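Trainee: Pasting a structure below so you can have a look.
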Amino acid sequence: MKTKLDYYRIFYETARFCSFSTAAQHLYISQSAISQCIQQLEKDLGVQLFVRTRKGVSLTSEGKILFFKVENAISSIEQGENQLERLRHLEAGELKIAAGDTITTHFLLKYLEDFHASYPDIRIEMANSYSSQMLSLVKEQKADLAFVNMPLQDDELVIEPCLEINDVFVCGPDFKLKASYSWNEVADFPLILLEKNSSSRRFLEENFKYKNISLNPQIEVAVHDLLIRFASIHLGVSCVIEQFSEEELQKGVVKKISLDPPLPKRSIGCAYLKNAPLSYAAKAFLDLIK
């Protein structure tokens, strides 16, 4: 670019008002500064842009050509500025979240409802997959945030814990329980577990493997709610997330089996890119959760 963008703004305002003095007042600079900038712009471009009249100034034919282009450019810049302002005030934009059905239903749903009530103009997009694939969506910038079962680690991502959870074994309401069960005893039950490619299943198997115990489920399912449903009708013993099963436990739909010692606690985490700024919408959603 041969000249400064500020000169084009001065040219635009001068042409719009057909007056050096009015442009100076509008831009809060002196009339002499306006005149000097126009002279410099004319020198840079090698054409005369204005002619003086008794009423002020008017554009030359060359000035009219430039004004049309500058007007479009300034209009585009102003539209961009307005759009950014709307994004900053959460009056526009989108929020892209990756999360599994269980986390969405039992954890995120209430926050999504509150967020939409507060920021109805933000478009919410949801992607559903396994934790490892959801991290890829964030790294490919196809999702702003991914809510995943921890522990997980990725050098490109920040993964912050946002909810501590307990994994517990449950059985049907008619199952006769004793005070507590060893890990070996639980492993001998007809087990109902999530599919192998789920992070919850891997967490469970790794902990049992550490004690040299293999898990051989009788039934494998894809969704958490089926674990509760199948256990409630006495098809076997399920491993569920206690915080997501509170209602069924309180109502006696299923009963908790006391494991001695209990499984270690873990967390649901929120993952986002380490070296890229979060959108205003994503920041607001994280603030809501925190």
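FYI, it's all coordinate maths here, none of it is from the lab. Since the structure is predicted, the reported quantities are computational estimates derived from the model, not experimental observations. Using ideal geometry, Cβ is built from the backbone for each residue, glycine included, and neighbour counts are taken over all protein chains shown.
Trainee: Do any residues in segment 43-71 that are touching a residue at least 60 places away in the same chain (Cβ under 8 Å) have Cβ atoms under 7 Å from those of residues that are surrounded by 11 or more Cβ atoms within 10 Å (Cβ to Cβ) and assigned to a helix (DSSP H, G or I), where the two are at least six apart or on different chains, and which pairs are they?
Mentor: Pairs found: VAL70/TYR8; VAL70/PHE11; VAL70/TYR12.
Trainee: What are the pairs, 6+ residues apart or on separate chains, where a residue within segment 151-162 that is within 14 Å of GLU140 (Cα to Cα) has its Cβ under 7 Å from a residue that is among the hydroxyl-bearing types (Ser, Thr, Tyr)?
Mentor: Qualifying pairs under 7 Å: LEU157/TYR272.
Trainee: Pairs needed: first member in segment 207-236, at positive phi; second member anywhere, surrounded by 15 or more Cβ atoms within 10 Å (Cβ to Cβ) and part of a loop (DSSP other than H, G, I, E, B); C-beta distance under 6 Å; at least 6 residues apart or different chains.
Mentor: Close Cβ pairs satisfying both conditions: HIS234/GLY172.
Trainee: Can you list the strands (runs of 3 or more DSSP E) lying wholly within segment 1-110 that have 3 or more residues being under 30 Å from ALA282 (Cβ atoms) and not aromatic (Phe, Trp, Tyr)? It would help to see each step written out before you state the result.
Mentor: On the way: elements: 50-53, 56-59, 94-99.
In segment 1-110, the matching strands (runs of 3 or more DSSP E) lie at 94-99.
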